Amino acid sequence: MAQLVLPGNPLLVDGRKKEVDPSRLDIPFTTRGKTNPKKEFRLALRAKTATDAVGDIYPDCDIYGLTKGQFDLRFLLAAVLKQTGPADLTISTWTCSAADVEDIASWGPKGMITSCRWVMDYSFQRREPKEAQAIRKAFGTDSIRITKTHAKFYLITNPAWNIAVRTSANLNMNPRTEDFNIVEDQRVVEFLSVFVDSIFKAQRSSDIDKSPYEQVKQWERL
């Protein structure tokens with residue numbers, strides 16, 4: 001382990017140089033980015049539609065909001081897509097409903113999305129086997145990866161937009177307080193895309209049929 005060498009202080013009696021082991025430092029090995037001056041907060045507890053909750057999106061937007069789960073998250077994604085135009089969609093969620101799979105499958109023919117890939121928790125196909133099969137049938141066997149995850153985020157990208165939607169909500173109807181954060185930020189999108197890419201690279205489409213134990217082991221190797 002490389003050592004940090006601190007210069008001696010000639011004003012002190014003991015002017016010897018000190019060595020510090022970086023692994024013992026308490027400070028984080030990160031830097032803090034600048035705060036986005038465009039950040040908005042939207043209390044959408046009584047918003048009648050997802051369109052009302054989302055409002056307008058724009059370059060570099062950063063929108064944080066709360067809902068009562070009065071609409072399915074897919075409607076929030078659709079509200080964003082109406083403003084971005086056709087885009088690639090990446091979905092990471094713990095679970096989703098049959099209605100969500102069916103509706104999102106129609107977005108391709110409607111020209112709303114140009115591609116769609118899914119990252120789901122390894123328990124999903126045990127809990128919801130019909131929905132897991134519906135995803136493979138609608139989007140192709142190579143469109144989905146199964147791993148150990150509870151992260152819920154959605155990426156909407158095209159040549160003009162780099163949007164990440166991060167939320168507490170799964171892709172289903174759940175009338176509870178939920179939050180959402182919509183950011184137009186290429187750095188965030190690239191960070192999450194690299195993570196998703198690593199999952200797709202680590203697994204083959206046929207690995208979806210592996211045992212839960214094997215899927216967890218794959219996750220541990222990420």
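For this structure, a couple of remarks:
- Counting residues in the stretch 160-167 that are hydroxyl-bearing (Ser, Thr, Tyr) and over 30 Å from residue 44 (Cα atoms) gives zero.
- When 66, 73, 77 are checked against the criterion of being within 13 Å of residue 163 (Cα to Cα) and surrounded by 14 or more Cβ atoms within 10 Å (Cβ to Cβ), 77 stands alone in meeting it.
- Matching residues in the stretch 70-101 - criterion: being small (Gly, Ala, Ser) and closer than 24 Å to residue 125 by Cα: 92, 97, 98, 99
- Index of the failed condition, residue 118 passing every other in (1) in contact (Cβ under 8 Å) with a residue 24 or more places away in the chain; (2) over 15 Å from residue 196 (Cα atoms); (3) not small (Gly, Ala, Ser): (2)
- Considered as a group, the residues in the stretch 163-222 that are outside any helix (DSSP H, G or I) and among the basic types (Lys, Arg) include one that is farthest from the chain's Cα centre (by Cα), and that residue is 210.
- Residue within the stretch 150-157 that is part of a loop (DSSP other than H, G, I, E, B), of a type outside the set (A, V, I, L, M), surrounded by fewer than 18 Cβ atoms within 10 Å (Cβ to Cβ) and in contact (Cβ under 8 Å) with a residue 24 or more places away in the chain present: yes
- Whether a residue is among the hydroxyl-bearing types (Ser, Thr, Tyr) and under 30 Å from residue 70 (Cβ atoms) was assessed, and residue 167 passes this test.
- Taking the stretch 49-140 and the strands (runs of 3 or more DSSP E) fully enclosed by it, the elements with 3 or more residues that are more than 16 Å from residue 168 (Cβ to Cβ) are at 87-93, 113-121.
- Of everything listed in (1) closer than 25 Å to residue 76 by Cβ; (2) in contact with a strand residue (DSSP E or B) (Cβ under 8 Å, 6 or more places away or on another chain), the single unmet condition for residue 195 is (2).
- Some residue of the stretch 166-180 being surrounded by fewer than 19 Cβ atoms within 10 Å (Cβ to Cβ) and free of Cβ contacts under 8 Å to residues at least 12 places away in the same chain: no
- Test set (1) of a type outside the set (Phe, Trp, Tyr); (2) surrounded by fewer than 22 Cβ atoms within 10 Å (Cβ to Cβ); (3) closer than 29 Å to residue 125 by Cβ - residue 52 fails condition number: (3)
Any read-out appearing in this document is the output of simple, stated calculations on the displayed coordinates, not a laboratory observation. Since the model is a prediction, treat every value here as computed from it, not as a measurement. Ideal geometry is used to build each Cβ from the backbone, glycine not excepted, and the neighbour counts take in all protein chains shown.
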